Amino acid sequence: MNNLTFRNDGVRLGDRQNGAVLVVSLIVLLVVTLLGLSGMETSVMQERMASNAQNSNRAFQSTESLLDQAMRDEDIVGGSSAELSNAIKRGVGEPGDSTAFSTSYESLSAAYVLTYMGENTPFVAQGQESSINSDLPTRRFEMRMSAENTTTQAGATVTQGFVPN
């Protein structure tokens, strides 16, 4: 015999529990959907961060490459360069105006700044030996190259000291 009791309208009380399963399953489905959406948002954000890191690295590598090209350009860093003479006239530590640097990369804009750093034995701290065997003072300069990818707006700046030939 069944232990179910009947109400006045003839419906057994145990039959009302079938609707509760539907409500509970809909709530569980809602929670799982929200967790899935949250996971998707997290993965999209991680993809954006990885893309930004990659663009930043590419910009840095491009800037270093352009700085290397500029350092080999005799018109810029040659011993009789007008740009170096202008840097000396500005004085020690006074950066010059930003000068556009032409690149072969389509989506890259670049510019450099030359600064006269003074006369001394190049890049040697007190008490250390110099690799240059000369009693003459050496003029030191610094070049700061800035480049930006116009497509991704990722940019970088690289600075390097040098002694002209």
Can you pull out the residues in the stretch 138-165 that are over 17 Å from Asp75 (Cα atoms) and part of a loop (DSSP other than H, G, I, E, B)? Thr150, Thr151, Thr152, Gln153, Ala154
Which residue, of Leu108, Leu114, is in contact with a Phe, Trp or Tyr (Cβ under 7 Å, 6 or more places away or on another chain), surrounded by 13 or more Cβ atoms within 10 Å (Cβ to Cβ) and at pLDDT 85 or above? Leu114
Would a scan of the stretch 92-104 turn up a residue that is in contact with a strand residue (DSSP E or B) (Cβ under 6 Å, 6 or more places away or on another chain) and among the aliphatic types (A, V, I, L, M)? yes
Every residue from the stretch 61-81 that is assigned to a helix (DSSP H, G or I) and among the hydroxyl-bearing types (Ser, Thr, Tyr): Ser62, Thr63, Ser65
When the residues of the stretch 68-91 are filtered to those that are at pLDDT below 85 and farther than 22 Å from Ala147 by Cβ, which remaining residue is surrounded by the most Cβ atoms within 10 Å (Cβ to Cβ)? Gly78
Unique match (being touching a helix residue (DSSP H, G or I) at 6+ places or on another chain (Cβ under 7 Å), of a type in the set (S, T, N, Q) and either loosely packed, with under 11 Cβ neighbours inside 10 Å or modelled with pLDDT of 90 or more (or both)) among Thr63, Thr5: Thr5
Within the group Ser56, Ser98, which residue is within 13 Å of Tyr112 (Cβ to Cβ) and in contact (Cβ under 8 Å) with a residue 40 or more places away in the chain? Ser98
All conditions in (1) touching a Phe, Trp or Tyr at 6+ places or on another chain (Cβ under 7 Å); (2) more than 12 Å from Phe162 (Cα to Cα); (3) aliphatic (A, V, I, L, M) are true of Ala100 except (1)
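The values are calculated or read from the model by the stated rules, or taken from the named source; none is laboratory data. What you see is a predicted model, and the numbers here were worked out from it, not measured in a lab. Virtual Cβ from ideal backbone geometry, glycine too; neighbours counted across all protein chains shown.
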